[in-house]
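The values are calculated or read from the model by the stated rules, or taken from the named source; none is laboratory data. Only a predicted model underlies this, so the values are computations on that prediction, with no experimental measurement involved. Cβ sites come from the backbone with ideal geometry, for glycine too, and all protein chains shown count toward neighbours. Keep in mind that these areas ignore ligands, DNA and RNA; they rest on the heavy atoms of the full protein, side chains included. Shrake-Rupley method; radii C 1.70, N 1.55, O 1.52, S 1.80 Å.
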Amino acid sequence: MPSRNALALLISGSFVCAVLAACSSNTVPFGVGQPTPPTSAECRTPTEGCACSGAQTVECAHKVPSERGGMVCAAGRRSCEGGRWGACDTGPLTTKGIGNVFTSVSPMALGSPTGCGDACNPLCSTYNDNPTGLDAGPGFAVADGGVTLAAAVTCQTRINGRIFDPANALPLPNVYVFLQEGAMAALPEGVAQDSCSTILTGGAGGGLPGVRVQSALDGSFSLQLPNGYTNGMPFNMVVQTGRWRKVIPLVANCATQNLGNVRLPRTRTEGNIPQMAVVTGDADTLECFVAKIGVDVSEFTHPSGPGRVHVYQGCLANNSGTCGPQLSSSAPHNGPVPEKRASLLASQAELDRHGMLVLPCEGGRKTNNPSFYPNNAEVDRVKAFADHGGRVFATHLSDLYLWHDADGGGARNIYPGTAVYKTDPGDNMFNNAGTGVGAQDAVVNTGAPRAQQFYDWLVANNGLNASNRVYFAEGRRRALSALPPNGHTWLSNYNPLGFGFYNYVHHVTFDTPVGAANPEGRVVYLSSHVAPVNYRRSSNTTFPNECNLTNPLTESEKALEYMFFDVSACVGAPPPAPAPLYTTGTFVRDFIAQCATGTRVRWRQYSADVDTPGNSRIQFRAQTGDSVTLAAAAPLADVHLAQGFTPDTPVGGILIDSDQAGGVLPIRGSRSVLRISAEFVPTSDGQQTPSLNSWSQRYDCEQAE
């Protein structure tokens, strides 16, 4: 393929014009800057004057003026006479498409031409272009994906992929992906005062990684290696959210590497998993939930074992003496668990050797089994755990760690200023009769950025029902409201009639210590059950046999998974942004129409195939004038904003000059030169660039008025 340095391009005021020809019966399509010679390309279909053999006759067509203006297509037959094709004999005029303006196609004229497939214009050519071989000029680069902003690197190795949960089932946003350039500090095992600014290490000199990005809503990421990573050089890419960390060895290749799905570790041999303490429950089996999102069952062990999930047995059930499931006695679980939940809370040291505490609804309240109800000291230890960087994830009746029935009677608000709870023990759920099941919908509150992302993630992952809400098969009325600015809720009970009894929330989250300028811990509370008992576990009373791990996640379980990774993520102000790799730039193409005397140009569909990772975008705009200079000075008109999950132009393209009001240009506002500018805006952190993969532009030559 010839060099393409002579392509139409304007960057920082310099330009080269590509002259593009209309497809007509007497005009040869133009290439880049010069016409295509009348070679055998003219004769790719039977055309007057082209060689033929035998006594062939073929259908033909040509354009004729229409009384209504524009051109129409007249059909006839063409015969081979004397070794040459003759003229198209239409006889008595037969037309098709009467009144339709004939479309001459003239896209970018950068690739190899192909026929338009229009019998009325056998010489018409369509150029569906892509950037292969393109010299895009300063400020831009041509990667294997398309035209992109240029980074100041010589060997451009880029790593693309999507971050998923350990089960490889759901994508995870906000996960850090970074280049390891120095030593990484060991992650804490137990409670520790780490934050977003301190938990990430592995940068040059062992500090904060300087080359890093965060995964988008769909889990996607794109990491560009800086200068110094030559072809064949090994390096480590690190995936981390909170104390979940996975190191992936790779090799630079000066190209784009697509890793596909990259899941968080399932076992401690694959990477780091937070050290968790999980209490089994008689009503909510969160141990099954943790396994269901992908943590391997081999990691669930006796508290003395090496597993990343230490299992304790909860016994606060409605029936005195009824406890939650035990561990299987076989290896590697080494159960049953002799330690009840009380042994976990008996000392601060035992509690603090974990980084995350998972507390289910054990199935009862203080009145059901007072000997197993946590006392003041035990609940205070949980608060100290959270205040020193621990993460607490609790459901339904584990609100006792938030609003506690004190040893001597009366209620204790453990975290003042975060939420209001229902304190009447006789009215703890929507329907306290029979099975206690109260099917309820929850509305996602989208006022805050974290809640908005939660909603967007549920939409993208089928986490909402047909009514656009989260369905809870066992809704429970415990938390009445959250109290900002400390406490926040993402899920309010659906209450269209405004009955006071139904005014409650399904979710409360707050950072700890409450009100601290630099919080280090986090609490997430779900006031409802995760899923119906007969769905989430079998009749077995040992883990993992009790769990129905093959059942797909319900809507409420998907919501809970998002909350689970939110509570385990780093807390506090985000680390300083890394130095940007990309800055905004504008890529410009000039199109020059070639219309026959007596006709005028109508710029028609512009089409573009675009990728916009993260929150990057491309804003396309149009200008038109009778010369390149006049077009450059003409007002800018918005054509298309490419962003999000569907950045491409609509099917059929964007109509630049429409026959009706509402087009990009005023009706018949086209001039002989059309300028399309594409403003490339990188992600807000400057680490990812959009790409323009292919594009085309059409125009008509219609009869002048």
Condition check for Val470: modelled with pLDDT under 95 and in contact with a Leu (Cβ under 8 Å, 6 or more places away or on another chain): yes
Residue identified as under 24 Å from the mean Cα position of the chain (by Cα), under 18 Å from Glu561 (Cα atoms) and not aromatic (Phe, Trp, Tyr) among Gln214, Gln240: Gln240
Residue count for the stretch 676-685, restricted to those that are crowded, with 22+ Cβ neighbours inside 10 Å and within 19 Å of Val628 (Cβ to Cβ): 2
Candidates Gly438, Gly475, Gly434, Gly463 - the one that is assigned to a loop (DSSP other than H, G, I, E, B), modelled with pLDDT of 90 or more and not hydrophobic (A, V, I, L, M, F, W, C): Gly463
Matching entry among Ala277, Ala283, Ala317 (being over 16 Å from Val358 (Cα atoms) and of a type in the set (A, V, I, L, M, F, W, C)): Ala317
Any chance Cys254 is farther than 20 Å from Gly390 by Cβ, in contact with an Asp or Glu (Cβ under 9 Å, 6 or more places away or on another chain) and not small (Gly, Ala, Ser): no
Only one of Gly314, Gly281, Gly294 that is within 37 Å of the chain's Cα centre (by Cα) and closer than 16 Å to Ser398 by Cα: Gly281
Where a residue in the stretch 383-408 is among the hydrophobic types (A, V, I, L, M, F, W, C) and its partner, wherever it lies, is assigned to a helix (DSSP H, G or I) and open to solvent by 10 Å² or more (accessible area, probe 1.4 Å), with Cβ under 7 Å and at least six apart: Ala384/Gln348; Phe385/Asp352; Ala406/Asn376
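Yes or no, residue by residue, for (1) at pLDDT below 95; (2) assigned to a strand (DSSP E or B); (3) open to solvent by 30 Å² or more (accessible area, probe 1.4 Å):
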{"position": "Asn258", "(1), (2), (3)": "no, yes, yes"}
{"position": "Arg266", "(1), (2), (3)": "no, no, yes"}
{"position": "Asp282", "(1), (2), (3)": "yes, no, yes"}
{"position": "Phe289", "(1), (2), (3)": "yes, no, no"}
{"position": "Gly294", "(1), (2), (3)": "no, no, no"}
Restricting the stretch 686-705 to residues that are more than 28 Å from Thr584 (Cα to Cα) and touching a strand residue (DSSP E or B) at 6+ places or on another chain (Cβ under 7 Å), the residue that is surrounded by the fewest Cβ atoms within 10 Å (Cβ to Cβ): Ala704
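Yes or no: Val247 of a type outside the set (S, T, N, Q) and out of contact with any Asp or Glu (no Cβ under 8 Å at 6 or more places or on another chain)?
Working: of a type outside the set (S, T, N, Q): yes; out of contact with any Asp or Glu (no Cβ under 8 Å at 6 or more places or on another chain): yes.
Here the answer is yes, as Val247 does meet what is asked.
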Any hit, the stretch 548-571, residues being farther than 30 Å from Val213 by Cβ, touching a helix residue (DSSP H, G or I) at 6+ places or on another chain (Cβ under 9 Å) and open to solvent by less than 40 Å² (accessible area, probe 1.4 Å): yes
Pair list, Cβ under 7 Å, 6 or more apart: the stretch 490-518 residue under 25 Å from Tyr455 (Cα atoms) and open to solvent by 50 Å² or more (accessible area, probe 1.4 Å), other residue among the basic types (Lys, Arg) and in a loop (DSSP other than H, G, I, E, B): Tyr494/Arg469
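Quick one: which strands (runs of 3 or more DSSP E) sit completely within the stretch 146-244 and have at least 1 residues that are of a type outside the set (A, V, I, L, M), in contact with a Lys or Arg (Cβ under 8 Å, 6 or more places away or on another chain) and under 22 Å from Gln643 (Cβ atoms)?
220-224
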Residue selected from the stretch 410-421 under the condition open to solvent by 50 Å² or more (accessible area, probe 1.4 Å) and under 38 Å from the mean Cα position of the chain (by Cα), by the criterion modelled with the highest pLDDT: Pro416
Total residues in the stretch 169-202, condition free of Cβ contacts under 8 Å to residues at least 24 places away in the same chain and either open to solvent by less than 50 Å² (accessible area, probe 1.4 Å) or aliphatic (A, V, I, L, M) (or both): 4
